[in-house]
Amino acid sequence: MSHHFAAAGDVAGVPLKSTVGVGIPVSAEDIILQTFDNDDRKLQVCGSMRPIITELDNNKKGSIRTDVADLVMVKYKCSSNGVPITQTNGSTLPLVSSTSKDAEFGGYNPFDHRTVQYPTTDMETFIHLLKGSLGSGILAMPLAFMNAGLVFGLVATAVIGFVCTYCVHILVKSSHKLCRRMQVPALGFADVAEVAFLAGPPAFHKFSGLFRGLVNTFLTIDLLGCCCVYIVFVAKNIKQVMDEYVLEINVRWYMLMMLPLVIAMNLIRNLKYLAPFSMIANFLVGICMTITFWYVFQDMPSPKTVPYITDWHKWPLFFGTAIFALEGIGVVMPLENNMKTPQHFIGCPSVLNIGMAIVVILYSTVGLFGFLKYGDKTEGSITLNLPKDQLLAQSVKLMIAVAIFLTYSLQFYVPFEIIWKGSKHRFTSHPVLFEYLLRVFLVICTVCVAIACPNLGPVISLVGALCLSFLGLILPSCIDLVTNWEEPGLGRLYWRLWKNVVIIMFGILGLVTGVYCSILDIIVQFNQ
């Protein structure tokens, strides 16, 4: 590990260069002066100072790799001229920006400066996009249609899919613009949020850290919420099989019995060793979906047996479940940043458009025929509606339970990394021990939440409405608005402003109503 200190300006008002390409934000009040003594290598610092910790990349001798998740954006304030100074991700930006608008239209092409060790092809990115979007939420789509109606659910799913895809488009486009302005090769999701406000009008600069924190916070809540849903999902599927062949006990006992196994799985620290579990899980999910469709299409009832549209007060639950299932914005920026030809990710046709079209069609098909088959008896997962007296159907429940259980560790990996990177500096004495303790603590928390709310429907709606409404709808529109505020502007009749305001209001409406209805349902279930 190497330690450096960043300088905001010297006594003469001439900006000093940072010792590394990435640093820690320094406020306007912090004037950092640094003097190097070549003989005894002493560093004298006046005012506030914050250490920048970088890591050596063992694959490249003599190189220094900065942790992007920790040290992505730097904002210095020169006391002499008040010019915001930004550096990021190994770039060599001038300390006083000239700015960046020229680079956006002229010389700098971020795609030429990306150095990805193992870039993915268009087909590989397409497969990863499907894998990231086709999760356990597809099994909850029949429940979503039950809260919307047959026809309204079909139309609303297509609309939500279109809006979610469009928001991904504007997020990626904003990322490309910001990379050109800041002259950096790539930005992650939280980075895009922070850089957009730093590179926008001065009035928005103060919100940069807030929005970066919100992205990481909502991503953590969303993914840990998914972990809670997985615990409930596995326990309910196992319970149905055990009730049929062994004995009936409360579903909460199954969650408690799963706890040691879940803890053991999540003590695996290296993502590489989780890859085989993911492959097994994908194989089992494919088999389960095939068998499930075989049951669903047998003796299909008439469409007249189910409502075409439900009462409006059920729509927020549909919205929360549908956006939970359809929204995969958390995987978008990593996929785009790792592409061999990132220009092919958006556009028409593009990897994103084709992938999301397939996702929307699959989700609509499962929701439509699942609700048509089981009507008002639709469960939180369509696998729970399969016959309880047939061995093939029961095997589906066990296989899907094993698949989701094996997926838990992968889902847990990202939120744990966010939390650990924000707190590991507090545990320097025994970092490995504290990392294991934090893993165990977070796993226990997810299981406790699942035990408290053992009903899939409201929990899925709550997570989708709270986190994904913000991450998938509200935030991309805010980023698009701030990024284009000055250049190219808001457009004729402020069309870009009104367009984003409509999407933001749609996201806020879904968030507020979805969270309210989901909490009410959870309270009702808890009292029962």
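The values are calculated or read from the model by the stated rules, or taken from the named source; none is laboratory data. Here the structure is a predicted model, which means the values were calculated and not measured. Cβ coordinates were reconstructed from backbone atoms using ideal geometry, including for glycine residues, and neighbour counts include every protein chain displayed. Side chains are part of the model used for accessible areas, which takes the heavy atoms of the whole protein and leaves out ligands, DNA and RNA. Shrake-Rupley method; radii C 1.70, N 1.55, O 1.52, S 1.80 Å.
Hey, can you find the accessible area per residue of the stretch 378-494 for me, probe 1.4 Å, expressed in square angstrom? Don't jump to the answer; show the numbers that get you there.
Working: 4640 Å² over 117 residues.
The answer is 40 Å² per residue.
In terms of accessible area, using a 1.4 Å probe and ignoring ligands and nucleic acids, LYS499, LYS377, LYS173 rank largest first as LYS377, LYS173, LYS499. Just check the stretch 334-433 against the gyration tensor rule for me: Cα atoms, a ≥ b ≥ c as the square roots of the eigenvalues, rounded for a/c under 1.5, and otherwise prolate or oblate depending on whether a/b exceeds b/c. Oblate shape, in that a/c is at least 1.5 and b/c is the bigger or equal ratio.
List the relative contact order of the stretch 393-528 as a percent without decimals, with contacts defined as Cα pairs under 8 Å and 6+ residues apart. Don't skip to the answer; put the middle values down first.
On the way: 63 pairs, mean separation 38.8, N = 136.
That works out to 29 percent.
Taking amide H atoms as placed 1.01 Å from N in the peptide plane, the amide H of GLY149 lies under 5 Å from those of THR310, each 5 or more residues away in sequence or on another chain. With a simple spin-label model that places each label point 7 Å from the Cα along the Cα-to-Cβ direction, the separation between HIS113 and LEU261 comes to 5.0 nm. Rounded to whole numbers, the Karplus 3J(HN,Hα) couplings from phi for the stretch 209-225 are x, 4, 6, 4, x, 5, 4, 5, 5, 5, 4, 5, 4, 4, 6, 5, x Hz, using 6.51 cos²θ - 1.76 cosθ + 1.60 with θ = phi - 60°, and x at Gly and Pro. Listed values for the stretch 483-491 are Karplus-derived 3J(HN,Hα) couplings in whole Hz (6.51 cos²θ - 1.76 cosθ + 1.60, θ = phi - 60°), namely 4, 9, 4, 9, 9, x, x, 8, x, and x replaces Gly and Pro. Annotation: amide H-H contacts under 5 Å for MET339 (H modelled 1.01 Å from N, sequence separation of 5 or more, or interchain): THR120.
So, with a 1.4 angstrom probe, what is the percent of accessible area on the stretch 299-350 that is carbon and sulfur? Present the calculation step by step, with values, prior to reporting the outcome.
On the way: 1620 of 2560 Å².
About 63 percent, which is the carbon plus sulfur part of the accessible surface.
Classified by the C-alpha gyration tensor, the stretch 223-280 has a prolate form. Its axis ratio a/c, with a ≥ b ≥ c, is 1.5 or above, and a/b is larger than b/c.
Given their separation in residues at 0.36 nm each and the Cα-Cα distance between them, LYS388 and VAL502 gain 36.4 nm when the chain is fully extended.
Might you tell me the accessible area per residue for the stretch 149-286, computed with a 1.4 Å probe and given in Å²?
Details: 5670 Å² over 138 residues.
Per residue, the stretch 149-286 has 41 Å² of solvent-accessible surface.
Summary of the geometry: the stretch 199-240 and the stretch 373-425, compared by the centres of their Cα atoms, lie 18 Å apart. Placing a pseudo-label 7 Å from each Cα along the Cα-to-Cβ vector at PHE441 and ASN527 gives an inter-label distance of 3.5 nm. In this simple spin-label model, placing a label point 7 Å from the Cα along the Cα-to-Cβ direction at both PHE297 and LEU247 gives a separation of 4.2 nm. Cross-link pairs exceeding 26 Å between alpha carbons, from the set LYS173/LYS314; LYS177/LYS206; LYS377/LYS397; LYS206/LYS340; LYS236/LYS304: LYS173/LYS314; LYS206/LYS340; LYS236/LYS304. 3J(HN,Hα) along the stretch 278-295, derived from phi through the Karplus expression 6.51 cos²θ - 1.76 cosθ + 1.60 where θ = phi - 60°, amounts to 5, 5, 4, 4, 4, 4, 5, 4, x, 5, 5, 5, 5, 5, 4, 4, 4, 6 Hz, with x in place of Gly and Pro. The calculated FRET efficiency for HIS205 paired with ALA357, based on their beta-carbon distance and R0 = 30 Å, is about 0.20.
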